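Some notes on the structure that comes next.
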């Protein structure tokens, strides 16, 4: 980065109109950060198996495309700022340890369908909706499960329990995995590597010529 700062000072000494340079550089910076999300130069820490199941892919920072679409740039008189206004963006970039705020444990959706429903209603809202639809919900130390009503649509990971009355194995569904905490590793995307910096320099020089 020292090399880049020295280059910027050299550009300033040439007294080229800054707006001209900004117009050339700004789109490159924005698209480069977006590329870091979808096609990282250095491999990110792989997703956990549960995360890959929910997302349906191995891509660490892409799912719905929300993060990539949130990357925007803003030019001031002397700077170009690139970033995201998503609340989860700093967590994805720097990593974090997630712990429950009010509940005893975190509840992680067990399948993609449960995750979609949770996005709409949150965990409590989803469980209340299922109860009102005839589901029997129960809490275990490691998961939240449910028994669907007769004729009801299956949801979650199918498993079995032993019914003492009928003396038969009957199906139930794991809706959420319960954990005390979750550690999200850092997966940086707001940066420029050496090759990207060299490309940035070339674009800036082309604006001057």
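The values are calculated or read from the model by the stated rules, or taken from the named source; none is laboratory data. These figures come from a predicted structure and were not determined experimentally. Glycine also receives a Cβ, built like all others from the backbone with ideal geometry; neighbour counts cover every protein chain displayed.
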Residues that are modelled with pLDDT under 90: which strands (runs of 3 or more DSSP E) entirely in the stretch 156-209 hold 3 or more of them?
157-163
Condition test on residue 129, is it outside the structural domain of residue 45 (by TED's automatic domain parsing), out of contact with any helix residue (DSSP H, G or I) (no Cβ under 9 Å at 6 or more places or on another chain), modelled with pLDDT of 95 or more and surrounded by 13 or more Cβ atoms within 10 Å (Cβ to Cβ)?
no
From the options 143, 176, residue that is outside the structural domain of residue 91 (by TED's automatic domain parsing), touching a helix residue (DSSP H, G or I) at 6+ places or on another chain (Cβ under 7 Å) and in contact (Cβ under 8 Å) with a residue 12 or more places away in the chain:
176
By my count, strands (runs of 3 or more DSSP E) wholly in the stretch 1-117 with at least 1 residues that are at pLDDT 90 or above and within 26 Å of residue 198 (Cβ to Cβ) are 72-75, 80-83
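To keep it simple, each residue is scored yes or no on (1) surrounded by 20 or more Cβ atoms within 10 Å (Cβ to Cβ); (2) in contact with a helix residue (DSSP H, G or I) (Cβ under 9 Å, 6 or more places away or on another chain); (3) not assigned by TED's automatic domain parsing to the domain that holds residue 191.
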{"site": "84", "(1), (2), (3)": "yes, yes, no"}
{"site": "87", "(1), (2), (3)": "no, no, no"}
{"site": "91", "(1), (2), (3)": "no, no, no"}
{"site": "94", "(1), (2), (3)": "no, no, no"}
{"site": "110", "(1), (2), (3)": "yes, yes, yes"}
{"site": "114", "(1), (2), (3)": "yes, yes, yes"}
{"site": "120", "(1), (2), (3)": "no, yes, yes"}
{"site": "123", "(1), (2), (3)": "no, no, yes"}
Looking only at the stretch 173-196, how many residues end up being under 15 Å from residue 142 (Cα atoms) and either surrounded by 13 or more Cβ atoms within 10 Å (Cβ to Cβ) or in contact with a strand residue (DSSP E or B) (Cβ under 7 Å, 6 or more places away or on another chain) (or both)?
9
